[in-house]
Amino acid sequence: MRRLDLKCGFSCNNNCMFCVQADSKFHGNRPFGDLVADLKSARPDCDGIVLTGGEVTIRSDFLDLVKSAKDLGYEKIQIQTNGRMFSSLEFCRRTISAGANEFSPAIHGCCAEQHDSLTRARGSWSETVKGIRNLKQLGQYVITNTVVVKPNYRDLPKIANLLVRLGVDQFQFAFVHPMGNAWKNAGLMVPKKSDAIPYIKEGLDIGIASGIQVMAEAIPLCLMEGYESYVAESAIPETMIRGTKMQNTDDFAKDRKESGKTKFKRCKSCSVDSVCEGPWREYPELFGEEEFTPR
């Protein structure tokens with residue numbers, strides 16, 4: 001299934017310490033008409049869609065946007081969200097009725113104190129957790145995303161246990177991309193990948209043992225030995241992105257590999273070089289390349 005990633009704007013009710021879009025010059029929401037035009041133009045090439053932001057659920061026309069995607073025949077309609085609006089069971093029902101059938105809420109802490117300090121939104125953890133519970137109560141497919149940052153990486157096993165208890169269908173640990181707020185706060189937010197890896201693998205093991213699908217994103221394969229089948233990049237569907245002009249691409253994987261990620265001379269001798277994307281290109285500016293050892 002080819003997917004349209006529709007960027008709906010940058011308004012958000014969180015203000016995450018690691019938000020990659022914080023430096024965007026476009027801080028509002030895209031007009032509804034422009035979004036519908038993107039939905040129509042992409043439909044011949046895409047069967048699925050992910051609606052994202054910012055926080056798409058706080059748009060006043062959010063439900064109309066979901067219904068537009070359904071009316072156009074998109075089969076998989078995923079909502080990428082911080083999950084807070086879904087703390088209302090009625091909002092969950094209305095979103096499902098409009099056509100959404102997959103939900104990807106983000107949870108970044110094992111407790112309210114940790115998550116709320118990262119999102120800089122008091123009460124956000126409680127609302128997100130309640131949102132996940134509501135969606136599962138209504139029989140929805142829930143895929144969570146946790147950004148791996150310096151304040152939470154040691155607690156990834158605790159987060160994994162929380163997600164198992166919540167009954168999510170899949171969870172992903174995505175290593176922080178050092179852009180936007182994450183770059184501004186790099187000393188506070190960006191850990192060394194090699195330091196985080198043991199905790200990432202322990203968290204993945206908890207999900208695997210519980211029969212939950214798990215993934216890890218933005219981690220070179222030289223650090224994922226034994227966990228190669230859980231590397232998210234190998235499972236990301238073919239994706240077209242529509243947003244601002246700078247975001248648009250017809251081939252996200254190609255652009256990610258060519259301009260988003262980076263490789264090193266030493267990578268050429270690695271046995272998995274042909275299938276590894278390397279780290280985000282900003283990462284070695286912080287920590288160099290010494291931790292990436294060819295296999």
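Evaluating Trp125 against the criteria (1) more than 27 Å from Glu217 (Cα to Cα); (2) crowded, with 20+ Cβ neighbours inside 10 Å; (3) free of Cβ contacts under 8 Å to residues at least 24 places away in the same chain leaves one unmet condition, (1).
Does segment 248-268 hold any residues that are under 23 Å from Pro284 (Cα atoms) and either among the acidic types (Asp, Glu) or not in a helix (DSSP H, G or I) (or both), and which are they?
Let us first name the residues in segment 248-268 that are under 23 Å from Pro284 (Cα atoms), namely 252-268.
Matches in segment 248-268: Asp255, Glu258, Lys261, Thr262, Lys263, Phe264.
Considering segment 43-54, the residues that are of a type outside the set (Gly, Ala, Ser) and either more than 15 Å from Phe103 (Cβ to Cβ) or free of Cβ contacts under 8 Å to residues at least 40 places away in the same chain (or both) include one that is surrounded by the fewest Cβ atoms within 10 Å (Cβ to Cβ), namely Pro44. The residue of segment 243-295 that is farthest from the chain's Cα centre (by Cα), among those that are among the hydroxyl-bearing types (Ser, Thr, Tyr) and over 18 Å from His177 (Cβ atoms), is Ser269. One residue is enough: does segment 208-219 have a residue meeting the conditions surrounded by fewer than 20 Cβ atoms within 10 Å (Cβ to Cβ), on the phi < 0 side of the Ramachandran plot and assigned to a helix (DSSP H, G or I)? Checked against the condition, which is being surrounded by fewer than 20 Cβ atoms within 10 Å (Cβ to Cβ), on the phi < 0 side of the Ramachandran plot and assigned to a helix (DSSP H, G or I), segment 208-219 yields at least one hit. When we screen Thr57, Thr95 for residues that are within 17 Å of the chain's Cα centre (by Cα) and crowded, with 23+ Cβ neighbours inside 10 Å, the only hit is Thr57. For segment 237-260, enumerate the residues that are touching a Lys or Arg at 6+ places or on another chain (Cβ under 6 Å) and either of a type in the set (Ser, Thr, Tyr) or crowded, with 17+ Cβ neighbours inside 10 Å (or both). Scanning segment 237-260 gives Thr239, Gly243. Does Ser234 satisfy the criteria of being loosely packed, with under 12 Cβ neighbours inside 10 Å and either touching a strand residue (DSSP E or B) at 6+ places or on another chain (Cβ under 6 Å) or polar (S, T, N, Q) (or both)? So Ser234 does not fit the description; no.
When segment 60-87 is filtered for residues that are among the basic types (Lys, Arg) and more than 16 Å from the chain's Cα centre (by Cα), the ones remaining, listed by number, are Lys67, Lys70, Lys76.
From the list Glu291, Glu282, Glu217, exactly one residue is within 23 Å of Thr144 (Cα to Cα), in contact with a helix residue (DSSP H, G or I) (Cβ under 9 Å, 6 or more places away or on another chain), in contact (Cβ under 8 Å) with a residue 24 or more places away in the chain and not β-branched (Val, Ile, Thr). Which is it? So that I can check it myself, show each step before the final result.
Numbers: Glu291 fails: within 23 Å of Thr144 (Cα to Cα); Glu282 fails: within 23 Å of Thr144 (Cα to Cα).
So the residue among Glu291, Glu282, Glu217 that is within 23 Å of Thr144 (Cα to Cα), in contact with a helix residue (DSSP H, G or I) (Cβ under 9 Å, 6 or more places away or on another chain), in contact (Cβ under 8 Å) with a residue 24 or more places away in the chain and not β-branched (Val, Ile, Thr) is Glu217.
Of all the criteria given as (1) surrounded by fewer than 22 Cβ atoms within 10 Å (Cβ to Cβ); (2) touching a helix residue (DSSP H, G or I) at 6+ places or on another chain (Cβ under 6 Å); (3) under 26 Å from Pro237 (Cα atoms); (4) not hydrophobic (A, V, I, L, M, F, W, C), the one not satisfied by Gly83 is (1). Looking across segment 187-220, the residues that are among the aliphatic types (A, V, I, L, M) and under 19 Å from the mean Cα position of the chain (by Cα) come down to Met189, Val190, Ala196, Ile197, Ile200, Leu204, Ile212, Val214, Met215, Ala216, Ala218, Ile219. The residues on offer are Asn145, Asn134, Asn82, Asn152, and the sole one that is over 21 Å from Val190 (Cα atoms) and either of a type in the set (Val, Ile, Thr) or in contact (Cβ under 8 Å) with a residue 40 or more places away in the chain (or both) is Asn134.
Looking at segment 178-207 only, could you name the residues that are touching a strand residue (DSSP E or B) at 6+ places or on another chain (Cβ under 7 Å) and either assigned to a loop (DSSP other than H, G, I, E, B) or free of Cβ contacts under 8 Å to residues at least 12 places away in the same chain (or both)? Steps first, answer last, please.
Taking segment 178-207 and keeping what is touching a strand residue (DSSP E or B) at 6+ places or on another chain (Cβ under 7 Å), we get 178, 193, 196, 200, 203-204, 207.
Within segment 178-207, Pro178 is the sole residue that qualifies.
Determine if segment 32-42 includes at least one residue that is assigned to a loop (DSSP other than H, G, I, E, B) and either surrounded by fewer than 21 Cβ atoms within 10 Å (Cβ to Cβ) or touching a helix residue (DSSP H, G or I) at 6+ places or on another chain (Cβ under 7 Å) (or both).
Residues of segment 32-42 that are assigned to a loop (DSSP other than H, G, I, E, B), as a first pass: none.
No, that holds for no residue.
When the residues of segment 11-38 are narrowed to those that are over 21 Å from the mean Cα position of the chain (by Cα) and not acidic (Asp, Glu), which ends up modelled with the lowest pLDDT? Filtering first and then ranking leaves Lys25.
The values are calculated or read from the model by the stated rules, or taken from the named source; none is laboratory data. Because the structure is predicted, anything quoted here is derived from the model rather than measured. Heads up, the Cβs are rebuilt from the backbone with ideal geometry, glycines too, and the neighbour counts pull from every protein chain shown.
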